[in-house]
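Have a look at the structure below, then the notes.
The values are calculated or read from the model by the stated rules, or taken from the named source; none is laboratory data. Source: prediction; values computed, not measured. Glycine gets a Cβ as well: all are built from the backbone with ideal geometry, and neighbour counts include every protein chain shown. Heavy atoms of the whole protein, side chains included, go into the accessibility calculation; ligands, DNA and RNA do not. Shrake-Rupley method; radii C 1.70, N 1.55, O 1.52, S 1.80 Å.
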Amino acid sequence: MTLPNLIPGLVDKSVEFFGHNMEVYCIHDGRTIEYAAFPMWMREIIMQHMETNPHLVAAVRREKVDFSDFVKKYIYLVFGRIDGIPDIALDGSTNHEFFAFSKREIDILRLVHLTDKEIAERLFISRETVLSHWQNMRRSTGLNNKIQLAISASKRGII
Amino acid sequence: MNQIIDVKKSPTWTHYISALEVGESFTADYDKMPTISPLISTRIKLKFPDRQYKTSKEKGHDGDLLRVTRLEDKEESNDN
């Protein structure tokens, strides 16, 4: 029998962020911590993540979710899903699960089964534009295969 | 009066498998195996009789994964 993975941070010192009612919390060392009480080291890791992922910062800025605190909005959108993989692992490394796709990119993902030329004809754009959208999506997600991109988007309910 | 509704359909596993190029692969949660394997051996085989696919199990971050790889197409037989 395969047992489901525990939520990270429930019995260890990794960190799992989650959002609830437009508030941000994390689970760490068996405790639920409110955003205002996040320790300094945790905030520093998030700040570092923002510095190394300017495309995510730009995407979070574009998202129409009303937060007065940008860091809170960033955590909410980039890390705020409980997914079994620690957002901050025991070694301090981070795992984000936010894919910021534009409306046009979502249209293209839905047509993944067609050739790029067919997608271009269907969406009245050039093949070069389609290729450029695929390239941007690969770069922002780190996934190098368009089918994997569509599967990931589908798993997250984006398409 | 007729109404035009824009229905946006998500791709299906058949779409994903059909779209694979030779040598390309993707991974899915391993629990999708009972859905994907019969698709390859029936629907995809009927649609593209020369195509060959390989499925294998691998370890992922969050459990087992099923990797689906498209192999080289079957060579046409020269029996005639």
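Brief remarks on what is shown
- Region A:103-155, accessible area per residue, ligands and nucleic acids excluded (1.4 Å, Å²): 52
- Whole-Hz Karplus values for region A:57-74 come out as 4, 5, 5, 5, 4, 6, 5, 8, 10, 8, 10, 6, 9, 5, 4, 5, 4, 4 Hz, taken residue by residue from phi with 6.51 cos²θ - 1.76 cosθ + 1.60 and θ = phi - 60°; glycine and proline positions read x.
- Over chain B, relative contact order from alpha-carbon pairs under 8 Å, at least 6 apart, %: 35
- Evaluating 6.51 cos²θ - 1.76 cosθ + 1.60 at θ = phi - 60° for every residue in region B:10-24, the Karplus couplings come out as 7, x, 9, 4, 4, 4, 4, 5, 4, 7, 5, 8, 4, x, 7 Hz, glycine and proline recorded as x.
- Between A:Lys103 and A:Phe70, the FRET efficiency estimated from the beta carbon spacing at R0 = 30 angstrom works out to 0.85.
- Label-to-label distance for B:Thr42 and A:Thr52 is 4.7 nm, based on points extended 7 Å past Cα in the beta-carbon direction.
- Pairwise inverse Cα distances across region A:1-95, averaged and inverted, put the Kirkwood hydrodynamic radius at 13.7 Å.
- Taking a sphere under 9 Å around the Cβ of A:Asp107 and counting the other residues whose Cβ falls inside, with K and R at +1 and D and E at -1, yields a net charge of +4.
- Between B and A, buried accessible area from a 1.4 angstrom probe totals roughly 1400 Å², ignoring ligands, DNA and RNA.
- Fraction of the pair-distance distribution of chain B above 17 Å, Cα-Cα pairs, percent: 54
- In terms of overall dimensions, chain A has a Cα radius of gyration and Dmax of 17.7, 53 angstrom.
- FRET efficiency for A:Gln135 and A:Asp12, using Cβ-Cβ distance with R0 set to 41 Å, rounded to 0.05: 0.60
- Simple spin-label estimate for B:Leu71 and B:Thr12 in nanometres, 7 Å along Cα-Cβ: 2.6
- For region A:99-144, a decrease in accessible area of 50 Å² or greater in the assembled protein chains relative to the isolated chain, with a 1.4 Å probe, applies to A:Arg110, A:His113.
- Nitroxide proxy distance, nm - points 7 Å out along Cα→Cβ at A:Asn144 and A:Asp29: 4.0
- Amide H partners (placed H, <5 Å) of B:Leu71, local residues excluded: B:Gly23, B:Gln52, B:Tyr53, B:Lys54
- Comparing the full protein assembly with the isolated chain, the residues of region B:40-71 losing at least 30 square angstrom of accessible surface (1.4 Å probe) are B:His61, B:Asp62.
- Taking θ as phi - 60° and the Karplus parameters 6.51, -1.76 and 1.60, the scalar couplings of region A:26-31 work out to 9, 9, 8, 6, x, 10 Hz in sequence order, x denoting glycine and proline.
- Amide N of region A:117-132 lying under 12 Å from the label point, which is placed 7 angstrom from the Cα of B:Glu21 along Cα→Cβ: A:117
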